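Single-structure report; data block below.
The values are calculated or read from the model by the stated rules, or taken from the named source; none is laboratory data. What you see is a predicted model; the values in this text were computed from it and never measured. For neighbour counting, all protein chains shown are included, and Cβ atoms are generated from backbone atoms with ideal geometry for every residue, glycine included. Note: areas computed on protein heavy atoms with side chains; ligands, DNA, RNA excluded. Shrake-Rupley method; radii C 1.70, N 1.55, O 1.52, S 1.80 Å.
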Amino acid sequence: MACEPHVSPGGAAGPLPTAFSGGWNALPAGSPPGWGPELHNGQVLTVLRVDNTCAPISFDLAAAEEQLQTWGIQIPADQYRSLAESALLEPQVRRYIIYNSRPMRLAFAVVFYVVVWANIYSTSQLFALGHHWVGVLLVTLAAVTLTLTLVLIFERQQKKANTNTDLRLAAANRALLRHRVLLGVTDTVEGCQSVIQLWFVYFDLENCAQFLSDHVQEMKTSRESLLRRRLSQICVVMETGVSPGMGVEGPEDLLEDAPLLPGSPHPPEKALMHTELRQLVPEAEPEEMAQQLLAVFGGYYIRLLVTSQLPPTAGPRHTDSPTVPCPCQLIEAHVLGTGCCPFLAR
């Protein structure tokens, strides 16, 4: 059987996942276009879905563009198509999504419970615990407690910014900010198939960008050390191959694979790996830093929004919901805020 991307007619998703908050409904197809009251910040425009069990796969971005055009949103395909697909559909990223999915975590928790129970039970046989059923009960309680702790750790990890998915959408979101659209990615399981979902969400970030720009300027003036410390945490490790014996100066030094001629007396030289810590939000003008913060954490915000995991807020700033924070509130409190940064900690 041919392996085809799992999308509904037109490329958009069918019914939204049950985890999706009822207050943030997808836009109905065929409604009148315009930027008026029909669209509000946090409104889901469309969702694309593909099976993560076959290769090669690709998102039907043409269908998404047609859906966006019904709302007056014109996005040139060359501005984001390659950025979105290369960020999410590389084989190593797709494998990462499968191994970090909820069914895989559940399977790991079951295996962990069985192994822990067996080890604790075998150890308990060395001690006298009274009646046999009392020992079994204590062993079971201990194994259940440890397994629940592991499950809670998994759930906590899911709320952190994910370098392999959320932050990989930064380049695409940077290109889409001017069009008032943000991308986010989630994964789910339908039957025995892993499904990747690409969300297109409307968000006018002009007010968020202005607030963050003022906030960064204020931090540069009065809390520069805190700002530098926070920005130093927003980084990724880059590995590049370099030719042996040559200095590392930049991306132009990437090693090119070239097969040796048959019968060559010289053995192939092993590539050297250069590791570089690259900061995602470098020092710049406050306006530029604000735009970069929104681009970097846009995918992260959308994932938390559509899965109803956003931390509650005391009052709205740039959203219509009284309990849902906007991107600048999330970044201010959990990225640039004082104290620990649980949403970034690995």
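Contact order for the range 101-210, expressed relative to its length and based on alpha carbon pairs under 8 Å spaced 6+ residues apart, stands at 20 percent. In this rough spin-label picture, where each label sits 7 Å from Cα along the Cβ direction, the residue 69-residue 112 distance is 4.9 nm. If R0 is 25 Å, the Cβ-Cβ spacing of residue 237 and residue 140 corresponds to a FRET efficiency of close to 0.05. Between residue 225 and residue 40, the contour length at 0.36 nm per residue exceeds the Cα-Cα span by 62.9 nm.
Residues 304, 152 ordered from highest to lowest accessible area at a 1.4 Å probe: 152, 304.
Ordering 286-295, 62-71 by mean Cβ neighbour count within 10 Å, with the highest value first, yields 286-295, 62-71. Whole-Hz Karplus values for the range 193-201 come out as 10, 7, 10, 9, 10, 10, 9, 10, 10 Hz, taken residue by residue from phi with 6.51 cos²θ - 1.76 cosθ + 1.60 and θ = phi - 60°; glycine and proline positions read x.
Across the options 88, 126, 100, the greatest Cα extent toward the positive end of the charge dipole of the range 43-200 (unit charges at beta carbon of Lys, Arg, Asp, Glu) belongs to 126. Between the amide H of residue 43 and those of 202, distances stay under 5 Å, these residues lying 5 or more places away or on another chain, with hydrogens modeled in the peptide plane.
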